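The values are calculated or read from the model by the stated rules, or taken from the named source; none is laboratory data. None of the values given here were measured: they were computed from a predicted structure. Please note: Cβ atoms are built from the backbone with ideal geometry, for glycine as well, and neighbour counts cover all protein chains shown.
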Amino acid sequence: MPDAGPLLVVSPNWLGDAVMALPAIADLKRHFADRRMIVAARASVSSLFTMVPDVERVVTADVAAIRDARPSVAVLFPNSFASAWLVWRAGVRERWGYARDFRRRLLTRAVRPPKQPMHQGEYYQHLVRELGVATGPLEPTLSIGADALDDAKRLLAQHGWEEGSLLIVLAPGAAYGKAKQWIPSHVTWLVTDLVRERGVTCALVGSRADAQTTRAIRDAVPVDCQPKVLDLAGETTLPALAGVMSVAAACVSNDSGAMHLAAAAGVPVVAIFGSTNEQATAPLAHAGVPGEIVTNPVWCRPCMLRECPIDHRCMTGIEPARVLAAVDRVAKVTG
């Protein structure tokens, strides 16, 4: 074994993947309990790791920051050549990861990728198991601090939420592409029914890139329902978004980073899958927390395309009433 310098974890680049890596990261910390754990991450996901108690420090994924952290071991969760080249150039002595993307010679321990399909969280745990690390539950957990929770409640209150009232979070966007997105008119129908028939407050969340979608959904809701439809897209940090999730009765989401964040926050999730494969990226729910996956079993899914070349039938065929029934079951909302 190398000297007992810090253990560097190179995070996946996307929020959903970073959340799905959390169980494997927890496994590493249990195994290397005597080492400081540092995470190198893109700016877009770095604040996720401020909610992971085992992580002592988060640095940007660049050569200078990693060199300054002086890790003796780096475990790479991305499959890319670039991630291995990064830690090699930073002078990290031990570089461990999957032997993919022509990077074997840059790794000191190169793990052969599994041949069988598996969930992405299991894929990350397979890596650390092959490195001799015992794996625990496939259950990402976050520690949402008081400041993040206060920020979340303050933002919700500014938009009209009364603390203690029933809140459903909806994440209608998806960074990967429109093929992953449930139809906005269906979201509008669902939000309208939740507000009008069930007295629920609905919070629409997402990044700045989702703001046009969330604004269109809120504008399409009947005027009498709009005060209980809160458009938070682009207004939350990741910790604040986790705080919003934590006070909700459920989250309705496409296959997205928000979906995985909600599951890690311990919230019941209704996950709507279209072009992507729920067997690979279903939300990792906490033990005992209900959740449902809604799909339309058409022949062409999962296609994994960013844009649908035909009629988006995998999503248009998911009627709002089906999703509403799933929300009723996981959140125990009654009409």
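With ALA24, ALA82 as the choices, which residue is modelled with pLDDT of 95 or more and buried (at least 17 other Cβ atoms within 10 Å of the Cβ)?
Among ALA24, ALA82, only ALA24 is modelled with pLDDT of 95 or more and buried (at least 17 other Cβ atoms within 10 Å of the Cβ).
Looking at segment 255-292 only, could you name the residues that are surrounded by fewer than 24 Cβ atoms within 10 Å (Cβ to Cβ) and not in a loop (DSSP other than H, G, I, E, B)?
Within segment 255-292, GLU278, GLN279, ALA280, THR281, GLY291, GLU292 meet the criteria.
Among the residues of segment 211-230, write down those that are crowded, with 22+ Cβ neighbours inside 10 Å and either acidic (Asp, Glu) or touching a Cys at 6+ places or on another chain (Cβ under 6 Å) (or both).
VAL229
Which residues, taken from segment 176-191, are among the hydroxyl-bearing types (Ser, Thr, Tyr), within 24 Å of ALA242 (Cα to Cα) and modelled with pLDDT of 95 or more?
THR188
Has segment 145-158 got at least one residue that is among the acidic types (Asp, Glu), surrounded by 16 or more Cβ atoms within 10 Å (Cβ to Cβ), within 17 Å of ALA265 (Cα to Cα) and in the same structural domain as ALA248 (by TED's automatic domain parsing)?
Yes, segment 145-158 has at least one match.
So, in segment 164-194, how many residues would count as being free of Cβ contacts under 8 Å to residues at least 40 places away in the same chain and surrounded by fewer than 17 Cβ atoms within 10 Å (Cβ to Cβ)?
Going through segment 164-194 one residue at a time, the tally reaches 4.
Okay, residues lined up against (1) polar (S, T, N, Q); (2) under 26 Å from ALA41 (Cβ atoms); (3) in contact with a His (Cβ under 9 Å, 6 or more places away or on another chain):
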position	(1), (2), (3)
ALA233	no, yes, no
ALA242	no, yes, no
THR276	yes, yes, no
ALA282	no, yes, yes
GLY288	no, no, no
ILE293	no, no, no
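I need the helices (runs of 4 or more DSSP H) fully contained in segment 142-228, keeping only those with at least 1 residues that are β-branched (Val, Ile, Thr).
By residue number, 184-198, 211-220.
Checking VAL247 against (1) at pLDDT below 95; (2) in contact with an Asp or Glu (Cβ under 9 Å, 6 or more places away or on another chain); (3) surrounded by fewer than 24 Cβ atoms within 10 Å (Cβ to Cβ): exactly one of these is not met. Which one?
If we test VAL247 against (1) at pLDDT below 95; (2) in contact with an Asp or Glu (Cβ under 9 Å, 6 or more places away or on another chain); (3) surrounded by fewer than 24 Cβ atoms within 10 Å (Cβ to Cβ), just (1) comes out false.
Would you check which residues across segment 30-47 are of a type outside the set (A, V, I, L, M) and more than 23 Å from VAL63 (Cα to Cα) and list them?
ARG30, HIS31, PHE32, ASP34, listed by residue number.
So which helices (runs of 4 or more DSSP H) are wholly in segment 7-65 and hold at least 1 residues that are within 14 Å of the chain's Cα centre (by Cα), within 18 Å of PRO239 (Cβ to Cβ) and of a type in the set (Ser, Thr, Tyr)?
Ranges flagged: 43-46.
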